[in-house]
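What follows draws every value from the coordinates through simple rules; no lab data is involved. Since we're looking at a predicted model, the values are computed, not measured. We place every Cβ from the backbone using ideal geometry, glycine too, and count neighbours over all the protein chains shown.
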Amino acid sequence: MKKIILLLLLITYSFSFAQENYKYIIVPKKFEFFKNENEYNTNFMAKSFFEKEGFKVLYDTDNFPQELANNRCLALSARAVKNSNILVTKITIELIDCYNKVVYISDQGTSREKEFQKAYTEAFRIALSSMSGKLNFKPSGISNEIVIATPIEMKSTPEVAPAVVEEATAVATNSNQLFAIPTSTGYKLVNDKPETIFILKKTTVESVFIAQKDSKSGILVKKNSNWFFEYYLNDSLVSEKVEVKF
């Protein structure tokens, strides 16, 4: 009888454990308090952050992989909550499971910037950054299918040591990867925080941009599928490779 109870407890525990492991995060293409998709680049910012945290990230308008279509409990949904007033922009990010339960809330990101672009960018950046390294929902291939146990008579057998399951090794991500966000004159290249690293302006050549990085001015040019930032330093030409995703 004790072994039957133990078996049922183990099955219940395994199911609960599986529910706390998520492989995907779904980001809306438009947060509900905005009028337009990816307004102020906030949706792209959220998607890039969760990708850096090791999740597979989809917009809610994307076609879902078959395993996710069959089991939405493999994913958490991201939701932005606005609690602003006339002086301060305030944003928090919530992660919601398939039962519509909030499982994680970020710190509140605030900004006193008057310009909407700067205010929302700063508030989202602070809220997202507060979750960095704290989302202990490991990407999982564990099935969330419920197993119904049928009580059976258990014969006494010698104790067998449980098999050791090796923990999956996380795939390394490129910490130097920059992401291109369109602007009216070209792009700005941001990191995962996100901080603006480059300002790019279009030229008449598709693979060449006028580039500004801190106090350095030069060009960003594509050579053999790679991008390089080229500028002069003390009359010497410097060429730096840039990892960027357009």
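Observations on the structure shown:
- Projected label distance in nm at residue 99 and residue 56, using a 7 Å step from Cα toward the beta-carbon: 2.4 nm
- Residues of the stretch 71-107 with amide N under 11 Å of the 7 Å Cα→Cβ point at residue 134: 93, 104-107
- For the stretch 30-132, the Stokes-Einstein estimate of translational diffusion at 10 °C and a viscosity of 1.306 mPa s comes to 111 µm²/s, using the Kirkwood hydrodynamic radius over alpha-carbon pairs.
- Full extension of the chain between residue 205 and residue 71 yields a length gain of 43.6 nm, computed as 0.36 nm times the residue separation minus the alpha carbon distance.
- For the stretch 66-108: rounded, prolate or oblate by the Cα gyration tensor [a/c cutoff 1.5]: prolate
- Using C-alpha pairs below 8 Å separated by at least 6 residues, the relative contact order for the stretch 184-246 is 18 percent.
- FRET efficiency for the pair residue 85 and residue 185, taken as 1/(1 + (r/R0)^6) with r the Cβ-Cβ distance and R0 = 22 Å, rounds to 0.10.
- Remark: relative contact order (the stretch 55-94) = 25 percent; criterion is Cα-Cα distance under 8 angstrom and separation of 6 or more residues.
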